[in-house]
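The values are calculated or read from the model by the stated rules, or taken from the named source; none is laboratory data. What you see is a predicted model; the values in this text were computed from it and never measured. Heads up, the Cβs are rebuilt from the backbone with ideal geometry, glycines too, and the neighbour counts pull from every protein chain shown.
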Amino acid sequence: MGKTIAIFNQKGGVGKTTTSINLSAGLGKLGKKVLLVDLDPQGNSSSGLGIDKDNVDVQIYDCLTGKVSIAEAVKATSAENVSIIPSNSELAGVEIELARVDDWENTLKNVLVSIKEEFDFCFIDCPPSLGILSVIGLIAADSVIIPIQCEYYALEGVSQLFKTIELVRKNQNPNLELEGVVLNMFDGRTNLSIQVVEEVKKFFKGKVFTSIIPRNVRLAESPSYGISVHDYDAKSKGAESYLELANEFLDMQDER
Ligand code: ADP
Ligand code: MG
């Protein structure tokens with residue numbers, strides 16, 4: 001199948017990496033083969049799944065610049081059934097290099113073609129920007145998941161985000177779909193969280209995942225051990241909610 005999903009929001013700290021790691025690992029637990037592409041120079045998906053990102057021999061940068069084949073870059077992670085193409089700060093320089101390459105838009109898409117069919121799903125953890133890296137992520141993707149934090153200004157920046165998706169649809173990837181919006185860091189004790197959920201549901205009409213991710217300390221702790229929340233504390237609310245999201249995501253694929 002090899003469906004490719006970009007996890008995208010130009011805001012930092014909304015839960016792109018947390019969702020990349022724990023949705024991937026949740027699907028892995030359910031028996032799906034998942035490839036996670038770390039497209040953020042911060043490399044948090046890589047370290048969060050046990051990869052010593054500053055000492056990897058090959059990373060996504062080397063694939064995008066054509067130095068090595070993608071097969072050489074794929075690494076096993078601490079999570080069952082989840083492989084990763086890691087990244088680190090070296091990737092930060094690639095935007096300048098890519099800007100000089102003909103057909104730079106399709107570099108990631110072309111690189112993934114040879115490998116994606118080996119996996120059920122391929123997730124792309126995008127960096128917190130609307131720059132070249134996020135754009136090549138959206139061009140390589142079949143659909144987009146947008147994590148949104150339940151806080152004041154939750155919808156701030158959403159129109160810009162949509163503009164970018166629309167531009168990519170119009171110019172390079174007409175079939176790019178909105179997979180869904182993941183509400184993150186929900187705190188049921190606050191009216192604010194409840195209001196934000198209503199507001200986001202109204203705005204994204206029917207495109208918001210029913211599974212909502214609560215604020216849960218286990219989700220913040222697990223990356224420092226290099227393991228997903230499922231391996232860190234399977235009984236936590238964080239693990240339960242991401243497993244629920246994985247199931248909901250799979251049900252949606254069956255309906256299509
Ligand atoms: P992004 O990739 O969008 O920048 P992250 O996934 O790295 O965002 O999340 C930002 C920070 O918030 C991280 O330290 C992460 O561990 C923490 N975090 C994310 N989601 C939750 C949550 N639901 N509960 C508690 N902490 C969270
Ligand atoms: Mg991140």
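Of the residues contained in the stretch 35-58, one or more are found to be over 15 Å from the mean Cα position of the chain (by Cα), within 16 Å of ligand 2 (Cβ to nearest atom) and hydrophobic (A, V, I, L, M, F, W, C).
Checked against the criteria, residue 129 does not count as within 16 Å of ligand 2 (Cβ to nearest atom), surrounded by 23 or more Cβ atoms within 10 Å (Cβ to Cβ) and not in a helix (DSSP H, G or I). Taking the criterion of being surrounded by fewer than 19 Cβ atoms within 10 Å (Cβ to Cβ), β-branched (Val, Ile, Thr) and without any contact (Cβ under 8 Å) to a residue 40 or more places away in the chain, the residues of the stretch 175-211 that qualify are 190, 194, 210. Here residue 110 fulfils each of the conditions (1) assigned to a loop (DSSP other than H, G, I, E, B); (2) closer than 22 Å to residue 166 by Cα apart from (1). Applying the condition of being among the acidic types (Asp, Glu) and either more than 25 Å from residue 81 (Cβ to Cβ) or within 16 Å of ligand 1 (Cβ to nearest atom) (or both) to the stretch 99-149 and asking which residue is modelled with the lowest pLDDT yields 102.
Rundown of residues vs (1) more than 13 Å from ligand 2 (Cβ to nearest atom); (2) closer than 20 Å to residue 164 by Cα, yes/no style:
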residue: 6; (1), (2): no, yes
residue: 20; (1), (2): no, no
residue: 33; (1), (2): yes, no
residue: 62; (1), (2): yes, no
residue: 75; (1), (2): yes, no
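Applying the condition of being within 12 Å of ligand 1 (Cβ to nearest atom) and either of a type in the set (Phe, Trp, Tyr) or not in a helix (DSSP H, G or I) (or both) to the stretch 186-210 and asking which residue is farthest from residue 21 (Cα to Cα) yields 187.
Go through the stretch 15-44 residue by residue and tally those that are over 19 Å from residue 116 (Cβ atoms) and of a type in the set (Lys, Arg). Counting residues in the stretch 15-44 that are over 19 Å from residue 116 (Cβ atoms) and of a type in the set (Lys, Arg) gives 2.
Considering every residue within the stretch 18-38, establish whether at least one is touching a residue at least 12 places away in the same chain (Cβ under 8 Å), under 21 Å from residue 132 (Cβ atoms), surrounded by fewer than 23 Cβ atoms within 10 Å (Cβ to Cβ) and out of contact with any strand residue (DSSP E or B) (no Cβ under 9 Å at 6 or more places or on another chain). Scanning the stretch 18-38 turns up no residue that is touching a residue at least 12 places away in the same chain (Cβ under 8 Å), under 21 Å from residue 132 (Cβ atoms), surrounded by fewer than 23 Cβ atoms within 10 Å (Cβ to Cβ) and out of contact with any strand residue (DSSP E or B) (no Cβ under 9 Å at 6 or more places or on another chain). Scanning the stretch 213-256 for residues that are over 23 Å from residue 194 (Cα atoms) and part of a loop (DSSP other than H, G, I, E, B) turns up 226, 227, 228, 233, 234, 235, 256.
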